[in-house]
1. Can we say residue 128 is more than 24 Å from residue 65 (Cα to Cα) and either surrounded by fewer than 12 Cβ atoms within 10 Å (Cβ to Cβ) or free of Cβ contacts under 8 Å to residues at least 60 places away in the same chain (or both)?
2. When you check residue 158 against the structure, is it closer than 22 Å to residue 51 by Cα, at pLDDT 95 or above and either outside the structural domain of residue 42 (by TED's automatic domain parsing) or within 16 Å of the chain's Cα centre (by Cα) (or both), yes or no?
3. In the list 162, 101, which residue meets the criterion of being touching a helix residue (DSSP H, G or I) at 6+ places or on another chain (Cβ under 8 Å) and buried (at least 19 other Cβ atoms within 10 Å of the Cβ)?
4. Would it be correct to say that residue 122 is in contact with a helix residue (DSSP H, G or I) (Cβ under 9 Å, 6 or more places away or on another chain) and surrounded by fewer than 22 Cβ atoms within 10 Å (Cβ to Cβ)?
5. Looking at (1) part of a loop (DSSP other than H, G, I, E, B); (2) in contact with a strand residue (DSSP E or B) (Cβ under 8 Å, 6 or more places away or on another chain); (3) under 16 Å from residue 49 (Cα atoms), find the lone condition where residue 90 falls short.
6. Determine which member of the set 76, 49 is modelled with pLDDT of 90 or more, touching a helix residue (DSSP H, G or I) at 6+ places or on another chain (Cβ under 8 Å) and part of a helix (DSSP H, G or I).
7. Find the residue count for segment 36-46, including only residues that are under 16 Å from residue 86 (Cα atoms) and at pLDDT 95 or above.
8. If residue 114 satisfies every condition in (1) assigned to a helix (DSSP H, G or I); (2) at pLDDT 95 or above; (3) under 16 Å from the mean Cα position of the chain (by Cα) but one, which is the exception?
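The values are calculated or read from the model by the stated rules, or taken from the named source; none is laboratory data. Being a predicted model, the structure only gives us computed values, none of them experimental. Cβ placement follows ideal geometry from the backbone for every residue including glycine, while neighbour counts extend to all protein chains displayed.
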């Protein structure tokens with residue numbers, strides 16, 4: 001009976017350790033899924049935007065964990081981050097964590113997205129959906145999420161921003 005009890009304890013210990021090692025492997029930075037999710041830059045201050053702009057245009061989604069449409073955008077942002085890696089920065093701002101940024105950008109509705117292509121006279125230059133640029137963010141913001149286009153509007157804005165920046169998505 002003691003042998004059976006010892007075997008049972010060893011089996012439980014083995015199974016509980018196996019579960020732990022799988023969890024550790026799943027969170028490994030070698031995991032492709034983990035790397036793709038980490039490609040979205042979490043912005044908490046304007047310096048993050050300014051630094052990213054030195055590399056190229058930046059697409060920003062402003063949202064909140066409590067916003068269903070914002071959470072629905074996460075897979076789209078992850079896909080964009082992989083697709084535009086090295087060409088454009090895909091970023092997210094949690095307005096609950098960074099209320100000063102929400103105020104700075106004048107966010108009234110969520111999700112609120114936009115692309116920044118540069119800085120002119122100390123102001124951000126935003127890409128509009130018609131290919132024009134403006135320092136007036138209200139002319140360039142994308143409010144809400146159109147679930148039927150699966151991020152195509154975002155891709156269009158990013159591609160226009162890349163053209164403005166002199167980069168081609170295909171390169």
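1. So residue 128 passes the test.
2. yes
3. 101
4. So residue 122 does not fit the description; no.
5. Tallying (1) part of a loop (DSSP other than H, G, I, E, B); (2) in contact with a strand residue (DSSP E or B) (Cβ under 8 Å, 6 or more places away or on another chain); (3) under 16 Å from residue 49 (Cα atoms), residue 90 fails exactly one: (1).
6. Result of the check over 76, 49: 76.
7. Number satisfying all stated conditions: 2.
8. In the conditions (1) assigned to a helix (DSSP H, G or I); (2) at pLDDT 95 or above; (3) under 16 Å from the mean Cα position of the chain (by Cα), residue 114 misses (1) alone.
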